[in-house]
Amino acid sequence: MIDLHLHSMASDGTLTPTEIVKLAHKLNLKAIALTDHDSVEGLPFALKEGSRLGIEVVPAVELSSDFEGRDIHLLGYYVDYKEAWFKEHLKQLKEARFQRAVKMIEKLKEAGLMIAFKDVLEEAGDGAVGRAHIARVMIKQGYIDDIEEAFEKYIGRKALCYVEKYSFQPEEVIEVIRKANGIAILAHPGLSEVDESIGKYIKHGLQGLEAYHSNHTKQMTAKYLKLAEHYGLITTGGSDCHGLKSGRGLTIGSVNVPDIILDDLKRLKGDRFA
């Protein structure tokens, strides 16, 4: 059993990278991928714990892009996360997230929700601050009951206090992943709804589709398995778990992802990270 889409406290998850690996070991997973948003800071800890416990940890990242006002996420597997230029790129994305959070909290205050930025930073810890951290502070202060309510009423794309973030086009993000020697995968395509652009993304280096995902129906999974075969792409999958009681994604290992997927990733990886 494998799970190739997991988030830790290095971005907007509720578990440390080490805790994620320990939980995966407890659940008898063979391999996992840590795919934090715009961050690779948790990878050294996850890789070290994976080596200690005998669980394969795939170094990865999830990067955001924008297409016609929609969030399109790309997964980068086996990226050269130690490369200086790549770390600098992520640093800039982290700063953009910080500035966005400042503006969003200002809007929340104007709406009567007195959220303190220091509380959001404390919630984020060393991770890249994001909307999930704001939502958790809102829950703690009794403004909302769960994360879904926060996004629906206040900080979702069409909500009252939403602030656009600086982002790249999907093609640009794919090229960044490939430049970092990573394998570029379109995350949860059933949510992204950019099927008509997949052919174009392939020209820029897209190599696969995340067919198995906690928010995909059986019909969606079947659709993207067929679409991947049509285009000659590999498929990946995972729970997109953000941790225990996070309200986002299912539990680690809860999505049935075939082990052969990891073999396909390794085939594309070649000798890197051997």
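Does segment 42-51 include one or more residues that are hydrophobic (A, V, I, L, M, F, W, C), free of Cβ contacts under 8 Å to residues at least 12 places away in the same chain and over 15 Å from residue 173 (Cα atoms)? Looking through segment 42-51, none of the residues is hydrophobic (A, V, I, L, M, F, W, C), free of Cβ contacts under 8 Å to residues at least 12 places away in the same chain and over 15 Å from residue 173 (Cα atoms). Inspect segment 16-36 for any residue being modelled with pLDDT of 95 or more, in a strand (DSSP E or B), over 16 Å from residue 243 (Cα atoms) and of a type outside the set (D, E, K, R) and give the result as yes or no. Yes: segment 16-36 contains one or more residues that are modelled with pLDDT of 95 or more, in a strand (DSSP E or B), over 16 Å from residue 243 (Cα atoms) and of a type outside the set (D, E, K, R).
Scan segment 118-139 residue by residue and report those that are in a helix (DSSP H, G or I) and either open to solvent by 10 Å² or more (accessible area, probe 1.4 Å) or acidic (Asp, Glu) (or both). Answer for segment 118-139, where residues must be in a helix (DSSP H, G or I) and either open to solvent by 10 Å² or more (accessible area, probe 1.4 Å) or acidic (Asp, Glu) (or both): 118, 119, 121, 122, 123, 131, 136, 139. Sub-8 Å Cβ pairs linking a first residue in segment 95-112 that is in contact (Cβ under 8 Å) with a residue 60 or more places away in the chain and assigned to a helix (DSSP H, G or I) to a second residue that is open to solvent by 90 Å² or more (accessible area, probe 1.4 Å) and of a type in the set (Ser, Thr, Tyr), at least 6 apart or interchain, are 96/166; 100/166, ordered by first then second residue.
Could you tell me whether any residue of segment 231-249 is among the polar types (S, T, N, Q) and closer than 30 Å to residue 118 by Cα? First the steps, then the outcome.
Restricting attention to segment 231-249, the residues satisfying the condition of being among the polar types (S, T, N, Q) are 235-236, 239, 246.
Add one more test, that the residue is closer than 30 Å to residue 118 by Cα, and what stays is 246.
Yes, the conditions are met somewhere in segment 231-249.
Here residue 64 does not fit the description of being touching a residue at least 12 places away in the same chain (Cβ under 8 Å), of a type in the set (Gly, Ala, Ser), open to solvent by less than 10 Å² (accessible area, probe 1.4 Å) and closer than 16 Å to residue 242 by Cβ. Is it true that some residue in segment 208-217 is open to solvent by 10 Å² or more (accessible area, probe 1.4 Å), in contact with an Asp or Glu (Cβ under 6 Å, 6 or more places away or on another chain), part of a loop (DSSP other than H, G, I, E, B) and modelled with pLDDT under 95? Checked segment 208-217: at least one residue is open to solvent by 10 Å² or more (accessible area, probe 1.4 Å), in contact with an Asp or Glu (Cβ under 6 Å, 6 or more places away or on another chain), part of a loop (DSSP other than H, G, I, E, B) and modelled with pLDDT under 95.
Please work out if residue 56 is under 23 Å from residue 24 (Cα atoms), open to solvent by 40 Å² or more (accessible area, probe 1.4 Å) and of a type in the set (Asp, Glu). Step through it out loud before you land on a result.
Details: under 23 Å from residue 24 (Cα atoms): yes; open to solvent by 40 Å² or more (accessible area, probe 1.4 Å): yes; of a type in the set (Asp, Glu): yes.
Here the answer is yes, as residue 56 does meet what is asked.
Just one of the listed residues (154, 166) is open to solvent by 50 Å² or more (accessible area, probe 1.4 Å) and of a type in the set (Phe, Trp, Tyr), and it is 166.
Going by the conditions given, is residue 142 assigned to a loop (DSSP other than H, G, I, E, B), open to solvent by less than 10 Å² (accessible area, probe 1.4 Å) and modelled with pLDDT under 95?
Working: assigned to a loop (DSSP other than H, G, I, E, B): yes; open to solvent by less than 10 Å² (accessible area, probe 1.4 Å): no; modelled with pLDDT under 95: yes.
No: the conditions fail for residue 142.
Can you confirm whether residue 215 is within 30 Å of residue 143 (Cα to Cα), touching a residue at least 24 places away in the same chain (Cβ under 8 Å) and not aliphatic (A, V, I, L, M)? So residue 215 fits the description; yes.
Taken together, 197, 254, 192 contain a single residue that is among the polar types (S, T, N, Q), surrounded by 17 or more Cβ atoms within 10 Å (Cβ to Cβ) and modelled with pLDDT under 95, which is 192.
Report whether or not residue 265 is surrounded by 14 or more Cβ atoms within 10 Å (Cβ to Cβ), at pLDDT 90 or above and part of a loop (DSSP other than H, G, I, E, B). Spelling it out, it is not the case that residue 265 is surrounded by 14 or more Cβ atoms within 10 Å (Cβ to Cβ), at pLDDT 90 or above and part of a loop (DSSP other than H, G, I, E, B).
The values are calculated or read from the model by the stated rules, or taken from the named source; none is laboratory data. Everything quoted here is computed from the prediction, not taken from an experiment. Every residue, glycine as well, gets a Cβ built from its backbone with ideal geometry; the counts of neighbours run over all protein chains shown. For accessibility, only protein heavy atoms count, side chains too; no ligands or nucleic acids. Shrake-Rupley method; radii C 1.70, N 1.55, O 1.52, S 1.80 Å.
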